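Single-structure report; data block below.
The values are calculated or read from the model by the stated rules, or taken from the named source; none is laboratory data. The structure displayed is predicted, hence computed values, not measured ones. Cβ placement follows ideal geometry from the backbone for every residue including glycine, while neighbour counts extend to all protein chains displayed. Please note that ligands, DNA and RNA were not included when accessible areas were found on the heavy atoms of the full protein model with its side chains. Shrake-Rupley method; radii C 1.70, N 1.55, O 1.52, S 1.80 Å.
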Amino acid sequence: MKNFPVLLILVLLLVVSGTVMAQNPSPSTADSLTLQMNSLKKDLGILKRIKVSGYLQPQFQYADSAGQPSFAGGNFAAGVDKRFMIRRGRVKFQYTSPANEKGIATSQYVLQLDATDRGIAVKDVYVKISEPWTGYFSLTAGMFNNPFGHEITYSSSQRESPERGRMSQLHFPNEREVGVMLTIQPPKSSKLNWLRLDAGFFNGIGSPSAGVDVSDFDNKKDFISRLSMTRTTTSKKISYGAGVSYYDGGFRIDSVTVYENGKDANGTTGFIIDSRAIDNGPVPIGSRDHTRRNYVGADAQLAVEWKAGTTALRGEFITGEQPGNSTSTKSPNDKNPIVKDVYARNFNGAYFYFVQDLFTSPFQVVVKYDWYDPNTDVEGNDIGQSMIGSAKATNETDIRYDTWGFGLLYHFDANIRFMAYYDVVNNETSNNLQGFTKDRNDNVFTLRMQVKF
C-alpha cells in the first residue's frame, strides 16, 4: 500500500495540532483546532480504507520464426522473431467501506488500469454492494472478470505461466465483461463459507483493449454462472477446490448465412447451411436473429504441502458450441454487428498445471499442458477437403492445437519474481491443407520479470 507518506504527514499534523491546543487553551481556538483534528481524522480514516496495488511485467521473447502468429502475448510483427515488451502494467485502486456492527463491509469500489507500450486501457471498473444483515448476498455491477471457470479469474500476477490458454483467449477476450452479477456465499463465520455461487447477465462482447470501443451492439444478454467450493483440511497441509460453469448466450446477426458441420452429397465433412432454429424455431435464411453460444465447464484444484515443498495441481475442461466465422473462432470483441457469415462449431479444450516448490528454496518448476480443438466434428486429413454444391470446406481455423509449457520461477523476494518459460506448440496436420502438412515452427521462449506493490 502506497499511502505511507500521506499517512505520515497527517499524523504529524495531528501531533502539531495537539501541541497547539495544549499551548492555546482559549475556547475559540480550542474549538477551531478540534474541528481541524476531526476533519484530519476523517480524512485519515478514508485513506486507510483505500488500497493501491499493482504489478509490472516487462519481458523478452524469442520465437521460432519471424512474424509468427502467437498466443504468448500476441502475434509477432512481420520480420520479427525477438522482442521486448511490457506485457502488463497494472495499477488498482480499491476502496472498501467500514464494516458494520456485524463485521460486514457493505460496499466496495474498484478501478484498475493497464499501462503498457501499446497504450492505456481500463481493465476493471465496478462497484460491489453487500447486504448488511447476513452477509450472504452481494451484487457487482460494472466491468469485471466474468465468472466462468477458474483460469479466467486467476490473477496474471499469480499464474505460473505467462498467458492463459489458447481457448480462454479466443472465447473470453481480455477476460472481462460489462454486466451485473449476484454472488451468494455465506460469511467467514459460517461453516458453509467454502461454498459460492456467482451468476449474472453480461453484454457478451468482452472488455476493451487499448483504444478499442466495445459498446454493446445488440439486445442479447449472456448468462454466465459458476458454482464453486474451496476447502482446507484441519492441518492446513491440504487445500482443494472445484467448480462447474455454464454459459448461455449469443449475438445478433442480420443478413448473414449460418453454417453448421455436415456432409456434402459425397459424404465429405464440411459446413452446410444451418436449417436449425437460432432461437425460436425454423426461420428463413436472412431472417435469423441471434446465434447460439453455449459452454459448460468443470475445474478442480489441489495443493499439498509436504517435505519436498508445496505441490499444486489444477485442471479445467470446457466444451460447447462457438459461433465464429470462416477464419476465426474468436468471440466478438468490438461494437460492430456481425457482417460475416457465421460458422457454428462444436469445440472442446482443457488445461492442466503441475507446480512444484523446490523444498524451501525460492524456486518453482511448472509443467502445463493445454489443448484447444475448435471443431470436434472434423480431424486430420478430413480438414481442407474440397466440397461440392453450396457446402463450405473446413480450413486452418478448424485445426486443433496442443501446447506444452515448461517453466522455472525464481522468487527474489515477496514482491519480485523472475520467470523463464518455453511454449512448445503442436498443431494438427492435414495433407489437404497447405501450410499444415507438418507441425509449424511456432514455439516461443519467454523471460519475464514481475514486480508487485
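Full extension of the chain between LEU447 and ASN266 yields a length gain of 60.1 nm, computed as 0.36 nm times the residue separation minus the alpha carbon distance.
What a 1.4 Å probe finds exposed on the chain is 60% carbon and sulfur by accessible area, rounded to a whole percent. In the chain, a dipole from Cβ-located charges (positive for Lys and Arg, negative for Asp and Glu) runs towards its positive end, and of TYR62, VAL127, TYR247 it is VAL127 whose Cα lies farthest in that direction. Per residue, the chain exposes an accessible area of 49 Å² to a 1.4 Å probe, with every protein chain left in place. One chain, two ends: THR376 and THR230. Fully extended at 0.36 nm per residue, the span grows by 49.4 nm beyond their Cα-Cα distance. Pairs of lysine residues in the stretch 99-219 that meet both criteria, 8 or more places apart or on different chains and Cα atoms under 20 Å apart, total 4. Here the mean projected area of the convex hull built on the C-alpha positions of the stretch 147-259 is 9.9 nm².
Scaling the Cα radius of gyration of the stretch 32-109 by the globular reference 2.2 N^0.38 Å produces a ratio of 2.03.
For the stretch 181-198, putting each phi into the Karplus relation 6.51 cos²θ - 1.76 cosθ + 1.60 with θ = phi - 60° gives couplings of 9, 9, 10, 10, 8, x, x, 4, 6, 8, 6, 9, 4, 6, 9, 8, 10, 10 Hz, in residue order, rounded to whole numbers and with x for Gly and Pro.
Surface calculation, 1.4 Å probe, protein heavy atoms: SER65 sits at approximately 40 Å² accessible. In whole percents, the pair-distance distribution calculated for the stretch 103-147 from its alpha-carbon pairs, binned every 10 Å from zero, is 25, 39, 24, 10, 2.
Modelled label positions at LYS51 and ASN426, each set 7 Å beyond Cα in the direction of Cβ, lie 4.2 nm from each other. Centroid-to-centroid, using Cα positions, the stretch 69-109 and the stretch 293-317 are 22 Å apart.
Note on SER386 and LEU40: the extension gain reaches 117.0 nm, defined as 0.36 nm multiplied by sequence separation minus the Cα-Cα distance. Taking every alpha-carbon pair within the stretch 290-329, the share separated by more than 14 Å comes to 64 percent. Taking a ≥ b ≥ c as the square roots of the eigenvalues of the Cα gyration tensor, the stretch 298-453 is prolate, since a/c reaches 1.5 or more and a/b is larger than b/c.
Highest average first, the peptides 229-235, 58-64 ordered by how many other beta carbon atoms sit within 10 Å of their residues are 58-64, 229-235. Rounded to the nearest 10 degrees, the inclination of helix 4-23 to the longest alpha-carbon principal axis of the chain is 20 degrees.
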